[in-house]
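Notes to accompany the following structure.
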Amino acid sequence: MLRIEDVSVTYPNASQPALKAVSLDVQKGDLVAIIGESGCGKTTLLRLIAGLEKSQKGSISIGGRVVASPTKWLKPEKRKIGMVFQDYALFPHLNVADNVCFGLSEDKSLQKKRMGEVLELVGLTGYEKRYPHQLSGGQQQRVAIARALAPRPELLLLDEPFSNLDELLKDQVRDELFDLLNNLNITTLFVTHDTRDTLATADRIAVLKEGVLQQYGKPQSLYYEPANEYVAIFLGKANLIPVHDGTVLQSPLGNFIKPPHINFPVANICIRPESIHLAPTSPSQGEGVVKKIRFFGSYCEYTIAGKGWQLIAKTQFIPDIQVDNHVDVTISQYACLP
């Protein structure tokens, strides 16, 4: 559905490119998250796909049709794309019906029919005469989604879709929106800085850093098999243990086996906190000592230290383990980092 090949952008007077040789393929019906720190090029990439900006190098194809290249550039309205901006960009002087119909064909009967269809899709039937200021943040977002879906786009782009919602509302709106998009089987790219949104909803994730694509793949692959230290830390808490490279990776924590598919020099072992399992043991017999316990309700974080190492473990509360207790440590999964 979407192919981006070696796209690069450098703004005037900028010290480095906003995007540098970014390539990725998006399959029909996929929900793809684009994440990274502020200024990494997330929104620039979205705007290039939409046709709101032009790249200096590379090409973009939608549905097998080239829409941007060094020799071709298709106007945004010709790309069959729907876009929802961070602030929703609803017209305050227009009611819900007129906002949704904006940009549709001149045929009033067709407008009314399509408007009714998309408002039903987003659960806003009966809100046609209300104005944006009479709606909640979640309802405004759904109006913006309905307006983007009304022209039947092949591709939907969302720029920070949940940044204007409070925490109590965000999870509900997120689940409702992505359930809708999955049911419609509409290919969607969304920019976000919230890794919870990303891991919980995306089919694939693209991680950008300083305009360079670091890794692209399924959430589970990026989380448990990050390509580098940046991806490992950006997607959640990670224990990084330096190792001495070899067939057996030697570390302060003990020895690890180097997986056969790893062909680069290993600098660190990455261990997610939930891959660490603790068991109480007799005083002074365990491999590690509990230094700190943080209780979060559904889970606990235990800081464990040993000779030359320290780990954060995430597990259910274990009543028999207290601060200064010795514990046995078992690691179920780890990844090698270059």
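The values are calculated or read from the model by the stated rules, or taken from the named source; none is laboratory data. Please read all numbers here as calculations on a predicted model, not as lab measurements. Virtual Cβ from ideal backbone geometry, glycine too; neighbours counted across all protein chains shown. In case anyone asks, the SASA skips ligands and DNA or RNA and just uses the protein heavy atoms, side chains included. Shrake-Rupley method; radii C 1.70, N 1.55, O 1.52, S 1.80 Å.
Keeping every protein chain in place, order Met1, Met115 by accessible area at 1.4 Å, biggest value first, i.e. largest first.
Details: Met1 50, Met115 20 Å².
Largest to smallest exposure gives the sequence Met1, Met115.
So what J values fall out for the range 184-201 if you push phi through Karplus, 6.51 cos²θ - 1.76 cosθ + 1.60 with θ = phi - 60°, rounded to Hz, Gly and Pro as x?
7, 6, 9, 5, 9, 10, 9, 8, 8, 10, 9, 5, 5, 4, 5, 5, 7, 10
As a test of reading the structure, rank Phe296, Phe190, Phe264 by solvent-accessible area (1.4 Å probe, protein chains only), most first. If you can, show how the numbers build up before the last one.
Working: Phe296 90, Phe190 0, Phe264 60 Å².
Final ranking, largest accessible area leading: Phe296, Phe264, Phe190.
Please check: in the Gaussian network model of the chain (C-alpha springs, under 10 Å), which one of Thr71, Thr43, Thr187 has the largest mean-square fluctuation.
Ranking Thr71, Thr43, Thr187 by mean-square fluctuation puts Thr71 first.
What are the extents of the Cα atoms of the range 185-338 along their three principal axes, listed from largest to smallest and rounded to whole Å?
Result, largest extent first: 56, 41, 26 Å.
Under unit Cβ charges (Lys, Arg +1; Asp, Glu -1), what dipole magnitude, rounded to 20 debye, does the range 167-316 have relative to its Cα centre?
Values: 14 positive and 15 negative charges, 107 e Å.
Computed charge dipole of the range 167-316: roughly 520 debye.
Along the charge dipole of the chain, pointing to its positive end and built from +1/-1 on Cβ of Lys, Arg, Asp and Glu, which listed residue (Tyr216, Val289, Asn268) has its Cα farthest out?
After comparing all options, I get Tyr216.
Translational D (Stokes-Einstein, µm²/s) of the chain at 10 °C and 1.306 mPa s when Rh comes from the Kirkwood sum over C-alpha pairs?
70
Determine one quarter of the surface area of the Cα convex hull of the range 52-92, which equals its mean projected area, and express it in nm² to one decimal.
Values: hull surface 15.0 nm².
Directional mean of the projected Cα hull area for the range 52-92 stands at 3.7 nm².
If you place +1 on the Cβ of every Lys and Arg and -1 on the Cβ of every Asp and Glu, how big does the dipole about the Cα centre of the range 1-55 come out, in debye to the nearest 20?
For the range 1-55, the charge dipole is close to 120 debye.
Provide the solvent-accessible area of Glu128, counting protein heavy atoms only and rolling a 1.4 Å probe, rounded to the nearest 10 Å².
Probe radius 1.4 Å; accessible area of Glu128 about 50 Å².
Which one of Ile269, Ile304, Ile318 has the biggest mean-square fluctuation once the chain is modelled by GNM with Cα springs under 10 Å?
Sorting by GNM fluctuation, first place goes to Ile318.
Excluding Val327 itself, what net charge comes from residues whose Cβ is under 15 Å from its Cβ, given Lys and Arg +1 and Asp and Glu -1? Spell out each step's value before the answer.
Working: positive: Lys291, Lys292, Lys307, Lys314; negative: Glu287, Glu301, Asp320, Asp324, Asp328.
After counting each charged neighbour, the total is -1.
Taking the Kirkwood radius as the inverse of the mean 1/r across Cα pairs, report the Rg/Rh of the range 123-264. Walk me through the intermediate numbers first.
Details: Rg = 20.5 Å, Rh = 18.2 Å.
Here the Rg-to-Rh quotient is 1.12.
Where does the charge balance sit around Pro153 when Lys and Arg score +1, Asp and Glu -1, over other residues with C-beta under 9 Å from its C-beta?
Value of the local net charge: +2.
Mind putting a number on the dipole of the chain about its Cα centre? Charges go on the C-beta only, +1 for Lys and Arg and -1 for Asp and Glu, and I need it in Debye to the nearest 20.
Numbers: 36 positive and 36 negative charges, 203 e Å.
Here the chain has a charge dipole of around 980 debye.
With all protein chains present and a 1.4 Å probe, how do Lys170, Lys57 order by accessible area, largest first?
So the residues, ranked largest to smallest area, are Lys57, Lys170.
Please compute the Kirkwood hydrodynamic radius over the range 96-179, one decimal place, Å, based on all pairs of different Cα atoms.
Values: mean 1/r = 0.0752 Å⁻¹.
This gives a value of 13.3 Å.
Could you check which residue among Pro219, Pro283, Pro132 shows the biggest mean-square fluctuation in a GNM of the chain with a 10 Å Cα cutoff?
Pro283
From the residues Ser298, Leu240, Thr198, which one has its Cα farthest along the dipole of the range 171-306 in the positive direction, the dipole being from +1 and -1 charges on Cβ of Lys/Arg and Asp/Glu about the Cα centre?
With unit charges placed on the Cβ atoms, the residue in question is Leu240.
In a shell of Cβ-Cβ distance under 14 Å around Thr43, excluding Thr43 itself, what net charge do Lys and Arg (+1) and Asp and Glu (-1) give?
On the way: positive: Lys42, Arg47; negative: Glu37, Glu53, Asp87, Asp159, Glu160.
Spelling it out: positives minus negatives among the neighbours equals -3.
How many percent of Cα pairs in the range 39-136 exceed 16 Å? Don't skip to the answer; put the middle values down first.
Values: 3121 of 4753 pairs.
Taking all Cα-Cα pairs of the range 39-136, the fraction more than 16 Å apart is 66 percent.
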